[in-house]
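Down below is the structure, laid out as C-alpha cells.
Every number here is computed from the coordinates shown, using simple stated rules; none is lab data. This is a predicted model, so every value here is computed, not measured. Here the Cβ positions follow ideal geometry from the backbone for every residue, glycine too, while neighbour counts run over all protein chains shown.
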Amino acid sequence: MADELKANVLLVDDEARFVEILAERLRVRGFTVDTATSGEAALKLAQEKDFDAVLLDLSMPGMGGIEVLREMKKAKPALQVIILTGQGSIQATVEVMKEGAMDFMEKPVDINRLIEKIGEATRKSGLNEGDK
C-alpha cells in the first residue's frame, strides 16, 4: 500500500489484552483507534464520534456483538462494521451479515487482511457521508 490509509476505527472486544495489542498495531500503521471493552461502552462511543470502521467482537458478556451491531446500525445505518470472532460458524456469519455487518473475520486476524478490510470500510463510509 503506497499511500498510508487514514481511518478512525472503533475496536470493541471484552479481552483487554487483545484490544491493547491490536489497537497498538493499528496505531503504528497510522490509524486513529478508540477502544471499548463492552457493548455499552461501544454504543456510547459510536454515538459521540464518527468512525470509518468498527471492529466488533461477536462473543462478549452482557451485550453481545449481534445486539451491539443491531443498535449501531439502527442509529447509523451507514456505519461499516467488521465482526471479529474466535468461534466462527456459518450460522453466525449468516446472522451478522443479515444484520448489516460489512464482513466477518476469525481470530487471530491477519493484520494485512484486516487493514485491507478497514480500507474497504473507509471507502464505503466516505460514499455514505450523509447517512452518518
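Remarks
- Some residue of segment 42-65 being more than 20 Å from residue 7 (Cβ to Cβ), within 14 Å of the chain's Cα centre (by Cα) and acidic (Asp, Glu): no
- Being surrounded by 16 or more Cβ atoms within 10 Å (Cβ to Cβ), small (Gly, Ala, Ser) and without any contact (Cβ under 8 Å) to a residue 24 or more places away in the chain holds for only one residue in 46, 23, 36, 7, and it is 23.
- The residue of segment 76-95 that is surrounded by the most Cβ atoms within 10 Å (Cβ to Cβ), among those that are farther than 22 Å from residue 19 by Cβ and hydrophobic (A, V, I, L, M, F, W, C), is 78.
- Residue 22 satisfies every condition listed in (1) farther than 23 Å from residue 106 by Cβ; (2) out of contact with any Lys or Arg (no Cβ under 8 Å at 6 or more places or on another chain); (3) not in a loop (DSSP other than H, G, I, E, B) except (1).
- Subset of segment 96-111 (residues that are in a helix (DSSP H, G or I) and surrounded by fewer than 17 Cβ atoms within 10 Å (Cβ to Cβ)): 97, 98, 111
- Residue list for segment 25-78, filter: in a helix (DSSP H, G or I), within 20 Å of residue 109 (Cβ to Cβ) and basic (Lys, Arg): 25, 27
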